[in-house]
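Undergrad: Have a look at this one before I ask anything.
FYI, it's all coordinate maths here, none of it is from the lab. Only a predicted model underlies this, so the values are computations on that prediction, with no experimental measurement involved. With ideal geometry, Cβ positions are generated from the backbone for all residues, glycine too; neighbour counts draw on all protein chains shown.
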Amino acid sequence: MSSSSSCAKPEFRAGQIVSGFEVVKKLGSGGFGAVYHVKKNGMEMALKTEFIDEEEDETLKNEVHMLRLMQWSPAFCRLYTAKRLTWNSQPVNIMVMTLCNRPLSRLRRMMPDRHFTKSTAARLSVQLLEALRDLHISGIIHRDVKGSNCGWHAPTRRILLFDLGFSRKYLELNPENSKMRHRVARKDPGFMGTSKYCSVYAHDELDQGRRDDLWAWLYSTVEFFLGTLPWTNEEKSILVSNMKKRVGKKLFFKCPREIALMYEHIRQLKFDSSPDYQMMLDLYKQMYSRLDIDESDPFDFEEGSEFYEQHFRHKTDSEIEMESELATSDELASTNFSKEIVTMGSKSETSEEENKLGRLAAGFNRAINRLISF
Ligand SMILES: Nc1ncnc2c1ncn2[C@@H]1O[C@H](COP(=O)(O)OP(=O)(O)OP(=O)(O)O)[C@@H](O)[C@H]1O
């Protein structure tokens, strides 16, 4: 199944008003919905939609639930509102969140040889690692980490990790002592993720934990640095898995050497191990000083970088044109910008028990949640 499944999606046109938000254009569509650029009272936002099918789980409902819990972290979109409405006589879920500029996957493809400079690759990788640390601290795993699920947010100069529709809580309340504990691995959870980036454990359809998000982060990081992965052109999941199992340290030969050290840490993580995020962030600090990476430098795609004029500024108009053409075609949008092969297993369920950390975050967000009427 590709990331653009045949699942029906609500279609909105430019200029239409949806629950008080004016549609500017379609940004793209995924397996279960579409995302639109909208505005209200001079504020630009992103609106995500999903038709409700009685027989299917509501992915957007899960995403809203998880995103609510992540409102304390700067690495996630702000959630402005979420509600259920009727569109063309059908029930539709919508959520409105921070509008990102472009996904990292597209920014990377706009670079010569499709890779970022070491400085940009390292800093983006750190930002994504911080996002995962924040998510994991909150008791949640993402299960589909990749560059196309990260949007660049220019005002804060950071990437935001989105698409939490398949995320899942990995902690649960132990009724015996009222403490949080790691959930026991399920026997047959099915596949969840993107073949190009997922861990070999996910290929083997084992239940996922924090380590699996870190494997996907590691493969995405290699792609930021090198522009490709050895299995980029391999479509068969089983062959991709075999290549991942065989490649070992060779994968990192052309990356800064600290990445291989992070790999050594990640490869020894068990299903329920706690990753040492701080150790990996410290390795990045070492890399910054060894390679003379200045954290205040412009990113490759920002004004002031040596690539901006040729690869980003002048591409803007034609890109906008291309985007407006794509706005009329779901298929093209998913073919051009989401080449990764995605096979989704059963959708993530929402745990009955709120985990303790989640409750803390939820308490912090109570004011925001009053706006939300799911
Ligand atoms: N907050 C946002 N701001 C700007 N663009 C966004 C935002 N959220 C998602 N998008 C874009 O909208 C498009 C569709 O996103 P969506 O998450 O629905 O699907 P996907 O990630 O392409 O596919 P799938 O959900 O099947 O993995 C993508 O191109 C994504 O980059």
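Undergrad: As a footprinting exposure proxy, order 32, 51 by other Cβ within 10 Å, with the fewest listed first.
TA: Taking fewest neighbouring Cβ atoms as first place, the list is 51, 32.
Undergrad: Which log10 I(q)/I(0) values, to two decimals, does region 104-290 give at q = 0.10, 0.16, 0.19 Å⁻¹ under the Debye formula with one point per Cα?
TA: -0.39, -1.02, -1.45
Undergrad: 7 Å from Cα along Cα→Cβ at both residue 250 and residue 303: what's the point-to-point distance in nm?
TA: About 4.6 nm separates the two model spin labels.
Undergrad: How large is log10 of I(q)/I(0) for region 1-154 at q = 0.08, 0.14, 0.17 Å⁻¹ when the intensity is taken from the Debye formula with one equal scatterer per alpha-carbon?
TA: Listed by q, the Debye log ratios stand at -0.25, -0.77, -1.11.
Undergrad: Once the Cβ-Cβ distance between residue 267 and residue 114 is put in as r, and R0 is 30 Å, what FRET efficiency do you end up with, to the nearest 0.05?
TA: Rounded to the nearest 0.05, the efficiency is 0.70.
Undergrad: Pull out the extension gain between residue 43 and residue 83, defined as 0.36 nm times the separation in residues minus the alpha carbon to alpha carbon distance; nm, one decimal.
TA: Length gained between residue 43 and residue 83: 12.5 nm.
Undergrad: Still on this structure, please answer the following. Using only Cα atoms, locate the centre of region 58-84 and the centre of region 211-256, then give the distance between them in Å, rounded to an integer.
TA: Cα centroid to Cα centroid, the span is 30 Å.
Undergrad: For the pairs 39/169; 146/250; 187/285; 40/285, note any where the Cα-Cα span goes beyond 29 Å.
TA: Pairs exceeding 29 Å: 39/169; 187/285; 40/285.
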